[in-house]
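Accompanying notes for the structure given below.
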Amino acid sequence: MSANYQWFGQYGDVGSPTTADLGISGNLYNYKTYNDLSNPADYTSYPITAGNNSYDVWLKGHFTGTFNEIQELKYWKSGGSMGAGESLYWGGNGITAYAQPVTGNSTYAATTIPTSSPGSANVSVGGSLAGSLTADGLSDFIVTQLRTTVAAEAGDTETFTFTLTYNEN
């Protein structure tokens, strides 16, 4: 047997957040100026205007099934080109508690997202990059945010592909 994996998201107010498994592929969420991952298609109602940011997006890896151990989680942007005036930021080490998403520069998504597979784990489990799962469970949070400058081009951004790899024993 092997582990089953899907993206898990949390959104809404910090006092009563909504959680949802988002699936494994396709358009799982869109960056927008509304704190809601439940409807990816509604981004046109909540556009990010040039010089502004999206709400930060709070994700986790959700692992179920039969496995001995999940470890060495690595996250990066594996596809899609940035447009003029656009940048993606992220954080994934030791973010164990959900915080209220913001459209200002997120203190959780504070580093430019990697664009190739990292050489070692960059997403924590149980607060540690050396952490692992031995039963159904979740990684710590992966927080991302799309930021723009006033030079950002009008219209939709490009489509991005994000990858989370892991070792399964």
Notebook entry, point to check: Out of (1) within 28 Å of Ala135 (Cα to Cα); (2) surrounded by 14 or more Cβ atoms within 10 Å (Cβ to Cβ), the odd one out for Asn4 is which?
Noted result: (2)
Checklist line | Test for Leu59: is it among the aliphatic types (A, V, I, L, M), more than 12 Å from the chain's Cα centre (by Cα) and at negative phi | finding: no
Item checked: segment 41-56: number of residues that are touching a strand residue (DSSP E or B) at 6+ places or on another chain (Cβ under 9 Å) and surrounded by fewer than 16 Cβ atoms within 10 Å (Cβ to Cβ) -> 3
Next item on the list: Sort out which residues of segment 23-36 are crowded, with 18+ Cβ neighbours inside 10 Å and either in contact (Cβ under 8 Å) with a residue 24 or more places away in the chain or not in a loop (DSSP other than H, G, I, E, B) (or both), and write them in order of number.
Entry: Tyr29, Tyr31, Asn35
Item checked: Pairs where the first residue, in segment 37-49, is in contact (Cβ under 8 Å) with a residue 40 or more places away in the chain and the second is part of a loop (DSSP other than H, G, I, E, B), C-beta under 6 Å, 6+ apart -> Ile48/Thr33; Ile48/Ser54
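Quick one: is Ser54 closer than 13 Å to Gln145 by Cα, in contact with an Asp or Glu (Cβ under 9 Å, 6 or more places away or on another chain) and of a type outside the set (A, V, I, L, M)?
Details: closer than 13 Å to Gln145 by Cα: yes; in contact with an Asp or Glu (Cβ under 9 Å, 6 or more places away or on another chain): no; of a type outside the set (A, V, I, L, M): yes.
So Ser54 does not fit the description; no.
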Check: Within segment 37-61, which residues are assigned to a loop (DSSP other than H, G, I, E, B) and among the polar types (S, T, N, Q)?
Finding: Ser38, Asn39, Thr49, Asn52, Ser54
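FYI, it's all coordinate maths here, none of it is from the lab. All of these numbers come straight from a predicted model, not from anything done at the bench. Glycine gets a Cβ as well: all are built from the backbone with ideal geometry, and neighbour counts include every protein chain shown.
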